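Take a look at the structure set out below.
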Amino acid sequence: MIEQPTDPPLDLSDVFAYVDANQQAFLDRLIAYVSQPSISAHGIGIGEVAEFLVALLSSLKLDTEAVPTSGWPMVLGHHTTSPEAPTVLLYGHYDVQPPDPLEAWISPPFEPTIRDGRLYARGVGDNKGQHFAQILALESLLACRGKLPCNVIVLLEGEEEIGSPHIAEFIHQHRDKLQADLVITSDGPVHESGQSCIMYGVRGVASFELRARGANQDLHSGNWGGIVPNPLWTLVHLLSTMKNERGEITIDGFYDNVILPTELEQQAMSNLPLNLEAIKSELDLSQLDEPLERPFFERTMFWPTLTINGLHGGYGGPGTKTVLPHEAMAKCDIRLVEGQSIDEIFAKVEAHIKRHAPDVEFIRQAAMEPSKTALDSPFTEPIRQGIIMAQGHEPLLIPSAGGSLPDYVFTKILGIPAFGVPYANPDEANHAPNENLEIERFFAGIKTGAAMLSHLGAKG
Ligand SMILES: [Zn+2]
C-alpha cells in the first residue's frame, strides 16, 4: 500500500526567488521609508507616515484605514483569504525614537546610509525595517501566488516609543476588528548570540515612589538629632522590611500568584547560550545577587524583582554637612511575572507600607501588566518551521523577556497567544545613535514572514 501524504511539504522557492530578485528594489523602498521622520515624542511626521502606510497596505489588497485614537492613529489593514484559515495579527510600530544626540551619528539619522552591509538610520531596526519586512512578505506572497496563505490583520501603532498610552483603549474599543488567532510582533533584536528566536512573554512593571517627611525644615543634627525623626532613616527601615538579605521580597503575599516554569520552559532555558563567567567579568562582579543558587534565566523570566531605583534626601555634596533633612524620597520598581497583576501588587505594597510606616506616602506610578504565551501553543510549530525554512536554522525559544512591553493587550484583552519573532541584529543600537540593520537580516525577515504565514495557513 502506498501511503499518501495528506500535507505535501510546503515549497516557497518561487517566493524566495522573488525576494532575491527584488532585493535592490526592496532595499530602495526601505531607504525611502526610513528617510521619513516619524518621532512620536516630538509629534514630527507621524501623520504623513500613517498616510503612507495606509496607501501602501491598500495597494496590497488590504482593507486599510487609519483609526483615530486620543493620540496618533493606528494603521489597521485586513485581508481575508478564507473563513476557515487562521487569522494572524501582525503588530508593529511606525513611530521612532528621537535621534538625539545628533552629533554622535556618523551619518545623519534621516539620511539612510549603507556601511559594511548595514543600513544606518533612525527607526531602521526599531521598528520600520522589521514591519516593512512583514509587509514585503505579504507583497511577495501576493505577487507569486495571487493570494495570502492565511487571513492577515496588520496593526501599526504610532505611539510605541512614548509608551503606547492608547493601545489598551484602542484594543478594547475595536476588538471586533481584531479577531485573530494569534499575534506576531517582529521588534527588538534576535538573541545576542545572533541566533533567531521566538519570544513568548514579557515581565510587567509597577513603579512607585515613597515619600517620608520629618520636621517642616532641615535642622542642625547636633541640636535636633535624636529628637526629630529623620525621614531618611524612616525610608531605610521601611525598605529593609520589604526585602531580606536572602534576596526574598518580604511583602505579605507577594509571591502568592507566581507561576514556576513548566518542564518545556525549563528545557528552553537550558538551551539558551550562557557564559556566566563572561558576564561577571564584563560587569566586574564577584557574584550575582541573592539567592545565589537561583539559575540565571529563571531570575529574569520567572521571578519578580523589587529594585530601589533611587534613594534621595539630605546632603550629598563634597565634604560634610551635619544636617538633619526634613524629607526623603525613594523610587522603586517591581518587575511582575505572569500570574501577578498591577492592582494586586500595588495593593500588597500599600498594605505593607500602612503596617510598617503609615506616615510614608505611597505614590503609584507607571505600570504595565505581564504577558505570557505557552510554549506548547499549537502555533509554535508552524512559526518554528517558517523560521527554519527561511533562515536554515533552529530558533531559540525564549519563555520571557526580562523587560516590559504591552503584549498583555493581546494576551489579556484579546485573549490570543502572542509571539515575538525579531529580525534585527543584536547590535542594532535601537534608541541610540547609529541605529542600524544588517541588510541580510532585512531580506531574511521578508522570507521569514512569508514562510511563517505559509506554515500557519497550511496548518489551518
Ligand atoms: Zn523602541
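The values are calculated or read from the model by the stated rules, or taken from the named source; none is laboratory data. Computed from a prediction, not measured in an experiment: that's the story for all the values here. Cβ: placed from backbone, ideal geometry, glycine included. Neighbour counts: every protein chain shown. When the accessible area is computed, the model is the full protein with side chains, heavy atoms only, and any ligands, DNA or RNA have been set aside. Shrake-Rupley method; radii C 1.70, N 1.55, O 1.52, S 1.80 Å.
A few remarks follow.
- Put simply, of E160, E139 the only residue that is under 28 Å from R29 (Cβ atoms) and within 16 Å of the ligand (Cβ to nearest atom) is E160.
- Being out of contact with any Ser or Thr (no Cβ under 6 Å at 6 or more places or on another chain), buried (at least 22 other Cβ atoms within 10 Å of the Cβ) and free of Cβ contacts under 8 Å to residues at least 60 places away in the same chain is not true of H93.
- Scope segment 326-344; condition within 18 Å of S404 (Cα to Cα), acidic (D, E) and in contact with a strand residue (DSSP E or B) (Cβ under 8 Å, 6 or more places away or on another chain); matching residues: D333, E338
- On the stretch given as segment 408-434, residues that are touching a strand residue (DSSP E or B) at 6+ places or on another chain (Cβ under 9 Å) and in a loop (DSSP other than H, G, I, E, B) total 12.
- Condition check for T87: within 23 Å of the chain's Cα centre (by Cα), open to solvent by 10 Å² or more (accessible area, probe 1.4 Å), more than 16 Å from the ligand (Cβ to nearest atom) and at pLDDT 95 or above: yes
- Close pairs from segment 22-38: first more than 21 Å from A444 (Cβ to Cβ), partner acidic (D, E) and buried (at least 16 other Cβ atoms within 10 Å of the Cβ), Cβ under 6 Å, at least 6 apart: S38/D95
- Residue within segment 325-337 that is touching a Gly at 6+ places or on another chain (Cβ under 8 Å), open to solvent by 70 Å² or more (accessible area, probe 1.4 Å) and closer than 15 Å to N230 by Cα present: yes
- Flag for P261 being in a loop (DSSP other than H, G, I, E, B), open to solvent by less than 50 Å² (accessible area, probe 1.4 Å) and away from the ligand (no atom under 16 Å from the Cβ): yes
- Looking only at segment 187-215, and only at residues there that are among the polar types (S, T, N, Q) and farther than 16 Å from I388 by Cα, the one that is nearest to the ligand (Cβ to nearest atom): S207
- Only one of L405, L437, L397 that is open to solvent by 10 Å² or more (accessible area, probe 1.4 Å) and either in a helix (DSSP H, G or I) or over 30 Å from T250 (Cα atoms) (or both): L397
- Single residue of I413, I388 found to be free of Cβ contacts under 8 Å to residues at least 60 places away in the same chain, of a type in the set (A, V, I, L, M) and under 25 Å from T262 (Cβ atoms): I388
- Exactly one residue out of A104, A32, A55, A50 is in contact with a strand residue (DSSP E or B) (Cβ under 9 Å, 6 or more places away or on another chain), open to solvent by 30 Å² or more (accessible area, probe 1.4 Å), small (G, A, S) and more than 16 Å from the ligand (Cβ to nearest atom): that is A55.
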